[in-house]
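Below is one structure, written out as structure tokens, with a few remarks after it.
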Amino acid sequence: MTEYIAFDSEKALDYVKEIGGFFANDAVLTCYEFGDGNLNLVFRVADEKGHSIILKQALPYARCVGESWPLTLDRARIEAGVLQKHGAVCSDHTVKVLHQNRELAVTILEDLGYLRILRSELNDAKTFPLLGKDVATYLATTAFYFSDFYLEPAQKKALIVEFTNPELCAITEDLFFDDPYRVCERNSYPEELHAEVSKLQSNNALKLAVAKLKARFFSSPQTLLHGDVHTGSIFVDEKTTKLIDPEFGFFGPVGFDLGSFIGNLLLNYVAQNGRINQIPKRRDIHTYLLATIQTTLATFESSFLNLAKQHTQDQSLQSKGYAEHFVQGVLRDAIGYCGTELVRRTIGLAHVADIDGIEEQNKRLNAQTQALFLGQHLILNAHSVDTKEDFYQLLLSALL
Ligand code: SR1
Ligand code: MG
């Protein structure tokens, strides 16, 4: 058993050399740390020929806050485990795990450095034609194969135990469903939003709708979720889409991942009002983002229903109409979770560069106000949506 120690570049390099097998014996290796996420250390180890791997190590605390916020190292096991499970059913869109060490909370991954992080690309108004289809394929495939439609009941219950992730779930429970809706020192927003936030925090209908979403997050182990599908967890290029970072993975409601993804596209949508001055250019990215949301929903629905039709193992879940009923519930949940993502990324602890990176204060404030309005609108009206077309209308009614 190796005792945990947080790596620096030298130790990360020594570790890679010690386990061996990634590079030629005489390779000249370099290593540097470049993680800018909220939680972990991320090193790139490369040889002189340009081959490289990523070594990720969990820290025993949240990096974005510091040692005052201790955090379980077990998240590294969860992350590698979710990647392996999701990779087994959807290898095209899941980063590959090459090695795992639980004691050191180290995971070695294929290097996706040839791709770009979606959030930064969208912030530069770059578009990716396959994004909606690929993410929806990943979400539908992983959702189906770890659900009651496909798994034996005992097998699923064993996986629920394996992927119980209480500390990381507690972060989501606090940051998504609690903090923004009460006065809390972790919240962060400009003084100018104070009146809006007070109104939100005293809206009982909103708090009731959020309570229902939180209750389903607590107690709806529908499938093995990624748990943190934001645009910083997606690598892209014209032909490729890969998901990384499922350390928040657990068995939860299918709509959570779908809603988080759409929420991040909408955060970018409102941010573009403050990022792009030329109307035609802004209209192009807006059109792209809305079309991507439509493709995501359409592909998710058709992929999940196709899988259910062809591969449902459970006899009673094969009943005519059940899969459609299930997908409708997923859609309603997704709209609600999408709304909570918009709200928490605007006034909670963890913001997004899309909005925070808007240079002019006024424009930033407008985007924040729009995100808050849209988020609440979706949370409050999710229950009235029956179809993806209804959702689109609901969205348009809040964006126009
Ligand atoms: C303290 S962690 C803050 C946020 O970063 C992660 O990526 C999750 O989205 C989490 O809510
Ligand atoms: Mg992450």
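Tabulated data for the structure shown
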quantity	calculated
Residue pairs meeting the criteria (Cβ under 7 Å; at least 6 apart or on separate chains; first part of a loop (DSSP other than H, G, I, E, B), in segment 381-400; second surrounded by 12 or more Cβ atoms within 10 Å (Cβ to Cβ) and at pLDDT 95 or above)	385/331; 385/332; 385/335; 385/391; 385/394; 386/328
Residue within segment 225-245 that is crowded, with 18+ Cβ neighbours inside 10 Å, among the hydroxyl-bearing types (Ser, Thr, Tyr) and touching a His at 6+ places or on another chain (Cβ under 6 Å) present	yes
Within segment 17-36, considering residues that are closer than 29 Å to residue 69 by Cα and crowded, with 16+ Cβ neighbours inside 10 Å, the one farthest from ligand 1 (Cβ to nearest atom)	31
Meets criteria (away from ligand 2 (no atom under 16 Å from the Cβ) and in contact with a Cys (Cβ under 6 Å, 6 or more places away or on another chain)) for residue 89	no
Of residues in segment 241-298 being part of a helix (DSSP H, G or I) and basic (Lys, Arg), the one nearest to residue 395 (Cα to Cα)	283
The one condition in (1) in a helix (DSSP H, G or I); (2) surrounded by fewer than 19 Cβ atoms within 10 Å (Cβ to Cβ) that residue 320 fails to fulfil	(1)
Options 227, 255: the member that is of a type in the set (Gly, Ala, Ser), touching a residue at least 60 places away in the same chain (Cβ under 8 Å) and at positive phi	227
Residues of segment 185-202 that turn out to be under 25 Å from residue 252 (Cβ atoms) and surrounded by fewer than 16 Cβ atoms within 10 Å (Cβ to Cβ), as a count	1
Residue among 111, 92 that alone is touching a Ser or Thr at 6+ places or on another chain (Cβ under 7 Å), more than 14 Å from ligand 1 (Cβ to nearest atom) and either over 22 Å from residue 243 (Cβ atoms) or modelled with pLDDT of 95 or more (or both)	111
Some residue of segment 352-373 being of a type in the set (Gly, Ala, Ser), touching a helix residue (DSSP H, G or I) at 6+ places or on another chain (Cβ under 8 Å), over 16 Å from residue 270 (Cβ atoms) and in contact (Cβ under 8 Å) with a residue 40 or more places away in the chain	no
Unique residue being under 24 Å from residue 204 (Cβ atoms), out of contact with any strand residue (DSSP E or B) (no Cβ under 8 Å at 6 or more places or on another chain), aliphatic (A, V, I, L, M) and not in a loop (DSSP other than H, G, I, E, B) when the list is 308, 371, 367	371
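The values are calculated or read from the model by the stated rules, or taken from the named source; none is laboratory data. Bear in mind that the values here come from a model prediction, so they are computed numbers and not experimental data. Because the Cβ atoms are built from the backbone with ideal geometry, glycine has one as well, and the counts that use them run over all protein chains shown.
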